[in-house]
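K.L.:
Below is a structure I'd like to ask you about.
The values are calculated or read from the model by the stated rules, or taken from the named source; none is laboratory data. Just so it is clear, the model here is predicted, and its values are computed rather than measured. Cβ coordinates were reconstructed from backbone atoms using ideal geometry, including for glycine residues, and neighbour counts include every protein chain displayed. Accessible surface is based on the protein model in full, side chains and every heavy atom, while ligands, DNA and RNA are left aside. Shrake-Rupley method; radii C 1.70, N 1.55, O 1.52, S 1.80 Å.
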Amino acid sequence: LPCLKKMSRLSSRLLAVIGLSLLVVAVLSAPAMQRRGPNRAAFARLNPVFGAPIAKEIRKPNTLPQGWMVDNEQPINEAELVTLTFALKQRNLDVLEKTFWDVSTPFSGSYGKFLSFSEISDLVRPAPESVSFVRDWLVSNGIPASQHRLTLSGDWLQVDITVSEAQNLLQCRFLAFRHISSEIRILRSLVPYYVPALVAENIDFVGGVLRFPSIQHASYKEAAAGKTTPQLIRQWYNITDVGKSPLNTQSVSQFLGQFYSPNDLTLFQTQNNLPALQPTVVGPNTPKKPGAEASLDIEYITAVAENVKTYFISTPGLHEGQEPFLQWIVGLNNNTQSPYINSVSYGDTESTLTADYTSRINVEFQKFGLGGKTILFSSGDNGVGCDKCTTLQPNFPATSPFVTAVGGTELNSAQTVEVGVTFSSGGFSNYFGLPSYQSTAVKKYFSTATTLPPSSSYNSTGRGFPDISAFATNFDIVVDGLNTQVDGTSCSSPTSAGIFALLNDLRLQNNQPALGFLNPLIYSLSTTTPGAFNDILQGNNDNTCCTGFNAAAGWDPITGVGSPNYAVLKTAVISPSLFE
């Protein structure tokens, strides 16, 4: 068996090398316009009134991410469909951000005074002429208006077109790729895409062309003696309540064909003496093909936040032309009543994404927070991340200043102390500066830290993450009728989300607004309310040859400000002084 495993690993590496070689040949054999830029004469004929070609999302050469190879078993067919998502240029972004901070900051007169979906949409909605301009361009290229799908928010437009049409439209070349371990197949371009100058002025980017989906799931492990269960979580974090407000809602979001089985959830609930409640499913779900990630998420968010109405949001992501995370964003913009608390276990290496993309996604997070909604992202499972033993690699969206990033902890061998777990991703963003809500905490960390990674390996002035942490190892789950254990910050995110869903419930019971964006409140309570978070003092997140960060008193880049203590937070979050 060890020999077979070794041969399997060697085969995977060999296939990856062969795939990369064939990829180079394929790209080099592409027409010159697809490698060096568009055919300007042809472009002018197709776009006579829209201007010269402009490359969007300027970046380093798009390389094939680890784990992907050219799909030689099912080569691309130019009649296949791809989904293109146009991020239409929004307005009033300065007003949006100011209002976002006003409603999210405790002790301000505007705290909790959220806007409705329609008010937010009207604030940032693109100018009508901008939308018409993009749609006219699509029509002029043979894509009729009947194929255009505009979101309810009015700032995203999608079309399903053939590969041939997409290549002509964007002057790029698509290839078929397959993920080595998961067998997921997608269509993407490794060369830049182009749009006319006047169109470029009216969009932020085109989705479904360059980005490869991140394949990450909770990791199975050998059964351990000290397994994590709902009972342990409720005991350790002092959770004594269940949901009571009929207005309260929470969700977990799934990507790339991650499904759950209602039978598994019922068995898990029976084993843990929990009420037999099922979530509302939004999107596809195939109960006969349950996944560890989906099972973990739904089992633990419902176990921690008992009786809170729960949504299982499944994003269609196996269609080769779709970009699953972007599909999730688009879904938010088509839902006027999104859940209050949302746990998401998804992330990409920040450096693989363009500034155009991350900036626009940050705007979407601001819109969500301005509506009183909360998003928690797992921070990742690669410690500090490591590139060539010289550069630390933070993860997005965990590095976004507009979401709450959740790191991972575990109990020590004696089961008496909570410590940071080595795989808990944390560090500092290379894209986003230090937000004011964590400025004091991060500066304190640097002033007291005795051991740090080489200063050249990270950006000490960037947004620090994670913000909080929770248990992330030995989670006992039921998948396909069997009990198994998993690790990962995919465990800590739904756990934390469930805790904040119960806190949200208390607010709603008291006729107070929902929590909304959490971070200003988290950092404020961590310094003004003793015991609100369990300070984690041990642990580090080294990654192979890259030195990581150490846990420390206060905030640190492995466990944030610590794990939530529900008994203290339940009183703090409903204090009338927060709204004064």
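K.L.:
Could you put Arg173, Arg234, Arg91, Arg463 in order of accessible surface area, largest first, with the 1.4 Å probe and the full protein assembly present? Before the final figure, lay out each step's value.
P.N.:
Numbers: Arg173 70, Arg234 40, Arg91 100, Arg463 0 Å².
Result of the area sort, largest leading: Arg91, Arg173, Arg234, Arg463.
K.L.:
Let me ask another. Show me the trypsin sites (Lys or Arg not before Pro) within region 331-412 that DSSP assigns to loop and that have at most 13 other Cβ atoms within 10 Å of their Cβ.
P.N.:
Details: sites: Arg360, Lys367, Lys373, Lys388; in loops: Lys373, Lys388.
The qualifying sites are Lys388.
K.L.:
Using a simple spin-label model with points 7 Å from Cα along the Cα→Cβ vector, what separation in nm is obtained for Thr528 and Lys227?
P.N.:
4.3
K.L.:
At 0.36 nm per residue, minus the direct Cα-Cα distance, what do Glu183 and Ser132 gain on full extension? Give it in nm, one decimal, please. Show your work: numbers first, answer last.
P.N.:
Values: separation 51, 0.36 × 51 = 18.36 nm, distance 3.94 nm.
The Glu183-Ser132 span can extend by a further 14.4 nm.
K.L.:
A follow-up question, please. So for region 317-428, Kirkwood radius off the Cα pairs, Stokes-Einstein at 25 °C and 0.890 mPa s: how many µm² s⁻¹?
P.N.:
Values: Rh = 15.6 Å.
Translational D for this selection: 157 µm²/s.
K.L.:
How big is the C-alpha Rg of region 137-250 next to the rule-of-thumb value 2.2 N^0.38 Å, as a ratio? Provide the component values of the computation, followed by the final result.
P.N.:
On the way: Rg = 23.1 Å, N = 114, 2.2 N^0.38 = 13.3 Å.
Computed over Cα atoms of region 137-250, the ratio equals 1.73.
K.L.:
So what's Rg/Rh here for the chain, counting alpha carbon atoms and using the Kirkwood radius for Rh? Don't jump to the answer; show the numbers that get you there.
P.N.:
Details: Rg = 23.7 Å, Rh = 24.6 Å.
Reported Rg/Rh, Kirkwood definition of Rh: 0.96.
K.L.:
Separate question: Tell me the net charge near Glu323. Cut-off is 10 Å between Cβ atoms, Glu323 excluded, with +1 for each Lys or Arg and -1 for each Asp or Glu.
P.N.:
On the way: positive: Arg188, Arg211; negative: none.
Net charge in that neighbourhood comes out at +2.
K.L.:
What percentage of the solvent-accessible surface of the chain, computed with a 1.4 Å probe over protein heavy atoms, is contributed by carbon and sulfur atoms?
P.N.:
Values: 12480 of 22760 Å².
Result for the chain: 55 percent of the exposed heavy-atom area is carbon or sulfur.
K.L.:
Within the chain, which whole H helices from DSSP have a Cα span along their axis of at least 24 Å and a mean Kyte-Doolittle hydropathy of 0.0 or more, if any?
P.N.:
Details: long enough: 2-28 (39 Å, 1.40); 489-509 (30 Å, 0.33).
Result, helices passing both filters: 2-28, 489-509.
K.L.:
Now a separate question. Determine the alpha carbon to alpha carbon distance for each of Lys227/Lys289; Lys244/Lys570; Lys113/Lys373; Lys227/Lys444 and list only those over 23 Å. Please report the intermediate quantities before stating the final value.
P.N.:
Values: Lys227/Lys289 25 Å; Lys244/Lys570 14 Å; Lys113/Lys373 12 Å; Lys227/Lys444 35 Å.
Violating the 23 Å Cα-Cα cut-off are Lys227/Lys289; Lys227/Lys444.
K.L.:
Can you tell me what share of the DSSP beta bridges in the chain is antiparallel? A percent to the nearest 5 is fine. Before the final figure, lay out each step's value.
P.N.:
Working: 46 of 72 bridges.
Of the beta bridges lying entirely in the chain, close to 65 percent run antiparallel.
K.L.:
Using the Cα centre as the reference, give the magnitude of the dipole from point charges on the C-beta atoms of the chain (Lys, Arg: +1; Asp, Glu: -1; all else neutral), rounded to the nearest 20 debye. Before the final figure, lay out the partial values.
P.N.:
Details: 39 positive and 44 negative charges, 178 e Å.
The dipole magnitude comes to about 860 debye.
K.L.:
First measure r as the distance between the Cβ atoms of Glu119 and Thr390, then evaluate 1/(1 + (r/R0)^6) with R0 = 45 Å and state the FRET efficiency to the nearest 0.05. Write down the numbers at each step before the final one.
P.N.:
Numbers: r = 47 Å, r/R0 = 1.05.
That pair, Glu119 with Thr390, gives E of 0.45.
K.L.:
Also, I was wondering about something else. Taking a 1.4 Å probe, which of Leu482, Leu175 shows the most accessible area, and what order do the others take after it?
P.N.:
Details: Leu482 120, Leu175 20 Å².
My answer, sorted largest first, is Leu482, Leu175.
K.L.:
Report the full-extension gain for the segment Asp480 to Asn77: residue separation times 0.36 nm, less the Cα-Cα distance, to one decimal in nm.
P.N.:
Working: separation 403, 0.36 × 403 = 145.08 nm, distance 3.55 nm.
Residue separation times 0.36 nm, minus the Cα-Cα distance, leaves 141.5 nm.
K.L.:
Suppose a student asked you for the relative contact order of region 476-580, using Cα pairs under 8 Å spaced at least 6 residues apart; what percent would you report? Display every interim value, and only then the final one.
P.N.:
Numbers: 101 pairs, mean separation 23.3, N = 105.
Here the relative contact order equals 22 percent.
K.L.:
Additional query: Over the chain, what is the mean sequence separation of C-alpha contacts under 8 Å (at least six apart), divided by residue count, expressed as relative contact order in percent? Spell out each step's value before the answer.
P.N.:
On the way: 1292 pairs, mean separation 97.3, N = 580.
Over the chain, the number comes to 17 percent.
K.L.:
Not counting ligands, DNA or RNA, and with a 1.4 Å probe, what is Ser314's accessible surface area in Å² rounded to the nearest 10?
P.N.:
Surface open to solvent at Ser314 totals about 10 Å².
K.L.:
Still on this structure, I have one more. State in Å² the accessible area per residue of region 96-174; use a 1.4 Å probe, count heavy atoms of protein chains only, and round to the nearest integer. Let's see the in-between values first.
P.N.:
On the way: 3170 Å² over 79 residues.
Result: 40 Å² per residue.
K.L.:
Related question: Ranked highest first by average number of other Cβ atoms within 10 Å, how do 400-409, 551-560, 520-529, 200-209 line up?
P.N.:
Values: 400-409: 28.5, 551-560: 26.8, 520-529: 19.7, 200-209: 21.4.
By packing density, highest mean first, the sequence is 400-409, 551-560, 200-209, 520-529.
K.L.:
Tally Lys and Arg at +1 and Asp and Glu at -1 over the other residues with C-beta under 12 Å from the C-beta of Ile375: what net charge comes out?
P.N.:
0
K.L.:
Let me ask you something else. Show me 286-292, 127-133 ranked by packing, highest mean number of other Cβ atoms within 10 Å first. Please list the in-between numbers first.
P.N.:
On the way: 286-292: 16.3, 127-133: 14.7.
Top to bottom by mean Cβ count within 10 Å: 286-292, 127-133.
K.L.:
What net charge do the residues around Thr266 carry, taking every other residue with its C-beta under 14 Å from that of Thr266, with Lys and Arg at +1 and Asp and Glu at -1?
P.N.:
Details: positive: none; negative: Asp264, Glu299, Asp480.
Cβ neighbours under 14 Å give a net charge of -3.
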